[in-house]
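A.B. asks: My structure is below; once you've seen it, I'll send some questions.
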């Protein structure tokens, strides 16, 4: 009888073997993943061999480059790590890149920066480009260029029969549409091709104040975002780290010259002296320095919401009480190109702001209660970006019923035996 070990060339870990518990853990250490095996594929051919083995053995595969977005729904699966699928080719003239499934966002940014180009990175440089795109993807530059998935022009996949395929809007429009934002429930993506965007100039950074200035900072945030051009993105962060006093920050990026950025951000000059101000001209490869998110796995509880407005009433509700026991409450300005038509399961993102609530689960009940109370006090649309779903949520929290029906039809047509199990399964 064939075994996983003699079916693939990559490394295999089984329960009880040294290193198994470490390699099966997701990025969020609050999530358990009781998988039956972990395989680190050597290349796309190895992925295809694993799929054929799993199909013949009637097993399922959960694919995670490094475990961002894990939900604990991988019980009994073979956990596939794709970190070694790390090929990266940039064509500056065509403004295109071909990105292996294991390539993190920061590496892609470092490769395109010398050419005055950018992809659509989020706040963390360690999240895989493929993982973000499969979830739709909210980027620093989404106001200028839409969903991350909108820039994807092709996927290289291994299908449920173990065949390697190149999927585009022309070769398979339904599968292409589904992969642009509904996760990895349809095929295993081994690489993708995406359009790059001009970025000859970038200005950005974080301005930080003590928490008592939060009302004034909120007023300026609302003023700036009310008229911001699509090249300007500003996020507001309420922060309360253990052992420290509350703080408030504004994070900003501007795809343009410093002089224009400072003019657009001039209302900040009316605010009290900040604790720090890291704004500067920067290469697109250094975007991760703005929020300085952790680059190592850690436990957390998160909740995302889309806000339909940010009125006086909404602002007062956000600031009415301390955010503790939450670590951060972030409000991201959306709008711009997000509101334009999108050939993806999400479609246009018409809500003007996103709310992201995060806490460390030292007291999980208290953290989730605070998240619930804030969400109930604010005007939310009832849907959430797929990539910001938490483990207690499902695809029904991200997509309309008719979209889910179409996605399930595509799932059944491409993977009728449910060989692939994503973080948020459709089956």
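Read-outs throughout are calculated quantities, based only on the coordinates presented, and are distinct from any laboratory measurement. What you see is a predicted model; the values in this text were computed from it and never measured. Using ideal geometry, Cβ is built from the backbone for each residue, glycine included, and neighbour counts are taken over all protein chains shown.
A.B. asks: At a threshold of 8 angstrom on Cα-Cα distance, excluding pairs fewer than six apart, so keeping six or more, what relative contact order does the chain reach in percent?
C.D. replies: 18
A.B. asks: Here is a further query. Can you give the direction-averaged projected area of the convex hull of the alpha-carbon atoms in the stretch 140-260, in nm²?
C.D. replies: 11.1
A.B. asks: Considering just Cα atoms, how many Å³ per residue does the convex hull of the stretch 88-198 enclose?
C.D. replies: Output value, Cα hull per residue: 92 Å³.
A.B. asks: Compute the long axis of helix 214-227 from its Cα atoms, compare it with the longest principal axis of the Cα atoms of the chain, and write down the angle in degrees, 0 to 90, nearest 10.
C.D. replies: So the inclination is approximately 70 degrees.
A.B. asks: Another question, if that's okay. Let me make sure I get this right: for the stretch 221-325, a, b and c are the square roots of the gyration tensor eigenvalues over alpha carbons, sorted descending. Under 1.5 in a/c it's rounded, otherwise prolate if a/b > b/c, else oblate. Which is it?
C.D. replies: oblate
A.B. asks: How far is the Cα center of the stretch 399-425 from the Cα center of the stretch 321-369, in Å?
C.D. replies: Answer, in whole Å: 25.
A.B. asks: Can you give me the distance in nm between label points at residue 270 and residue 311, each placed 7 Å from the Cα along the Cα-to-Cβ direction?
C.D. replies: Taking the two extended label points, one gets 2.2 nm.
A.B. asks: Say we join alpha carbon atoms closer than 10 Å with springs in a Gaussian network model of the chain; which of 394, 168, 227 then has the biggest fluctuation?
C.D. replies: Highest fluctuation of the listed residues: 227.
A.B. asks: How long are the three semi-axes of the equivalent ellipsoid of the stretch 203-388, in whole Å, if each is the root of 5 times an eigenvalue of the C-alpha gyration tensor, listed from largest down?
C.D. replies: 24, 21, 17
A.B. asks: With r defined as the distance between the Cβ atoms of residue 9 and residue 339 and R0 fixed at 56 Å, what FRET efficiency is calculated, to the nearest 0.05?
C.D. replies: Rounded to the nearest 0.05, the efficiency is 0.75.
A.B. asks: Label points 7 Å out from Cα along the Cβ direction at residue 170 and residue 59: separation in nm?
C.D. replies: Roughly 3.9 nm, to one decimal.
A.B. asks: Continuing with the same structure: If you look at just the Cα atoms of the stretch 79-135, how large are its Rg and its Dmax in Å?
C.D. replies: Values for the stretch 79-135 (Cα only, Rg and Dmax): 11.1, 38 Å.
A.B. asks: Which three extents, in angstrom, do the Cα atoms of the stretch 315-374 have along their principal axes, listed largest first?
C.D. replies: 41, 25, 15
A.B. asks: Related question: How long is the stretch 280-366 along each principal axis, judged by its Cα atoms, biggest number first, in Å?
C.D. replies: 42, 37, 31
A.B. asks: How would 14, 134, 238 line up from fewest to most surrounding beta-carbon atoms within 10 angstrom?
C.D. replies: With the sparsest Cβ surroundings first, the list reads 14, 238, 134.
A.B. asks: Report the equivalent ellipsoid semi-axes for the chain in whole Å, largest first, defined as the square roots of five times the eigenvalues of the gyration tensor built from alpha carbon atoms.
C.D. replies: 36, 24, 20
A.B. asks: While we're looking at this one, here's another question. Could you calculate the FRET efficiency of residue 227 with residue 375 from 1/(1 + (r/R0)^6), where r is the beta carbon distance between them and R0 is 30 Å, rounded to 0.05?
C.D. replies: For residue 227 and residue 375, the calculated efficiency is 0.60.
A.B. asks: Tell me, Kirkwood radius of the stretch 11-81 from alpha-carbon pair distances, in Å?
C.D. replies: Roughly 12.2 Å, rounded to one decimal.
A.B. asks: Whole angstrom only: what separates the Cα centroid of the stretch 261-314 from the Cα centroid of the stretch 1-52?
C.D. replies: 37
A.B. asks: Report the Cα centroid-to-centroid distance between the stretch 91-165 and the stretch 211-249 in angstrom, as an integer.
C.D. replies: After rounding, the separation between the Cα centres reads 28 Å.
A.B. asks: Going by the alpha-carbon gyration tensor, a ≥ b ≥ c the square roots of its eigenvalues, is the stretch 299-427 rounded (a/c under 1.5) or, if a/c is not under 1.5, prolate (a/b greater than b/c) versus oblate?
C.D. replies: Oblate, because a/c is 1.5 or more while a/b does not exceed b/c.
A.B. asks: Also: Let me know the volume per residue of the alpha-carbon convex hull for the stretch 361-420, in Å³.
C.D. replies: Output value, Cα hull per residue: 109 Å³.
A.B. asks: Based on the alpha carbons, how large is the Rg to Rh ratio for the stretch 1-143 when Rh follows Kirkwood?
C.D. replies: Using Cα coordinates only, the ratio equals 1.02.
A.B. asks: Right, here's the next one. In nm, give the distance between the simple-model label positions of residue 216 and residue 95, each being 7 Å from the Cα along the Cα-to-Cβ direction.
C.D. replies: Inter-label distance under the simple model: 4.1 nm.
A.B. asks: Using the number of other C-beta atoms within 10 angstrom as an exposure proxy, rank 298, 289 with the fewest first.
C.D. replies: 298, 289
A.B. asks: If I build a Gaussian network model for the chain, linking alpha-carbon pairs within less than 10 angstrom, which residue out of 243, 106, 204 has the largest mean-square fluctuation?
C.D. replies: With Cα springs under 10 Å in the chain, the top fluctuation among 243, 106, 204 is at 243.
A.B. asks: A further question on this structure: Just to be sure I understand: with springs between alpha-carbon atoms less than 10 Å apart, which residue in 145, 197, 412 has the highest mean-square fluctuation in the Gaussian network model of the chain?
C.D. replies: Highest fluctuation among the options: 412.
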